[in-house]
1. If each residue of separation counts as 0.36 nm, what is the full-extension length gain between LEU53 and LYS87 once their alpha-carbon separation is subtracted?
2. Inverting the mean 1/r over all pairs of different Cα atoms, compute the Kirkwood radius of the range 35-90 and quote it in Å.
Amino acid sequence: MTTMALGNLQNVNDSLQEQPIQLAETAANEPTQQPKRLRDSVAEAMQHYFQQLDGQPATEVYQMVLAEIEAPLLEAVMRYTRDNQTKASELLGLNRGTLRKKLKQYDML
């Protein structure tokens, strides 16, 4: 991946990290407004990512997106289950061994 793509990956990551906070604040202040779906946030982030590439080649976008979404998902689930891997694996619908492999992959174990 090019330096431009790696820099933009951080922008996408920042966008994904900032978005839920903004959505939560909006939802708390305006109870009639529905929070944005994760799907919509990802679509917007990807559109922004491709615009920032400005025609430069990119590779392994699928892996990049999975890594950007999977790590915070695992962090949130582990926090929610208070680091109980059995509960986390059940919540995620993963085998406990698969969960442990993913936690190691993201240096969370």
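1. Gain on stretching LEU53 to LYS87: 8.2 nm.
2. Taking every pair of different Cα atoms in the range 35-90, averaging 1/r and inverting gives 13.3 Å.
Every number here is computed from the coordinates shown, using simple stated rules; none is lab data. The shown structure was predicted, so the numbers you read here are calculated from the model rather than taken from an experiment.
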